[in-house]
Amino acid sequence: MGDTVKIKNQDPEMPNPTSTVNLRWISSTETLMAGVDSRGTPAVIGMWDDHDSPWRGLKASDLLLLSAASCSAYDVVTILRKKREPLESLEVVCTGELQNEPPKRFTHIHLHYSLKGDLSRKNVKKAIQLSEEIYCTVINTIKGSVEVTSDFEIHN
């Protein structure tokens, strides 16, 4: 994988990059939706109207947690590769605490990074910090209204 050059848009005449997703309600008897991301990858979201039924697709609020975890994981892997760290595996467990009453918004999101390899703690900590403070669009979008914390562990 080659190096990526990040260029900040400094021309006020040029529009900022945009991302568009599409969501369609797919059944008149269920609350199931089909979503397609900006690259054309589909996902099923929602559940049966019968509240005793299990979720049939991804839970919408879990998508936010998956987005935060995957966005940051991508950054961490990319940064550690550039530092030539021998990363063997990475798992991110993202936990969100919700309010009890509607709108049941997230009040706290915690990311726990579990990495495997003969890795430098300093480089892992820096990679996570760079992701969470600079590069991860999702975390940087929500951290103004939701407390975001993290920790990590390294297994050899």
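For the reader, a short list of remarks on this structure follows.
- If you sort Phe106, Phe152 by accessible surface, 1.4 Å probe, largest first, the order is Phe152, Phe106.
- Positive minus negative residues near His110 (Lys, Arg vs Asp, Glu; Cβ under 13 Å): -3
- Accessible-area composition of the chain, carbon plus sulfur, in percent [1.4 Å probe]: 52
- Springs join every pair of Cα atoms under 10 Å in this Gaussian network model of the chain, and among Leu115, Leu23, Leu65 the largest mean-square fluctuation is at Leu23.
- Mean residue ellipticity, 222 nm, helices only, the chain: the sum of -39500 (n - 2.57) across DSSP H runs of n ≥ 4, divided by residue count and rounded to 500, is -8000 deg cm²/dmol.
- Using alpha-carbon coordinates, inclination of helix 60-82 to the longest axis of the chain, degrees: 20
- Antiparallel DSSP beta bridges within the chain, percent to nearest 5: 70
- Rounded tilt (10° steps) of 121-130 against the dominant C-alpha axis of the chain: 50
- Between Asn100 and Ser114, the simple spin-label model (points 7 angstrom out along Cα→Cβ) gives 3.1 nm.
- Of (1) 16.0; (2) 17.2; (3) 17.9, the label for Kirkwood radius over Cα pairs in Å derived from the coordinates: (3)
- Here r is the Cβ-Cβ distance between Glu91 and Thr31 and R0 is 35 Å; the resulting FRET efficiency, rounded to 0.05, is 0.70.
- The residues of the chain expose, per residue, 71 Å² of accessible area to a 1.4 Å probe.
The values are calculated or read from the model by the stated rules, or taken from the named source; none is laboratory data. Treat the numbers as computed from the prediction; the structure is a model and nothing was measured. We place every Cβ from the backbone using ideal geometry, glycine too, and count neighbours over all the protein chains shown. The protein model used for the area step is the full one, side chains on, heavy atoms only, and it has no ligands, DNA or RNA in it. Shrake-Rupley method; radii C 1.70, N 1.55, O 1.52, S 1.80 Å.
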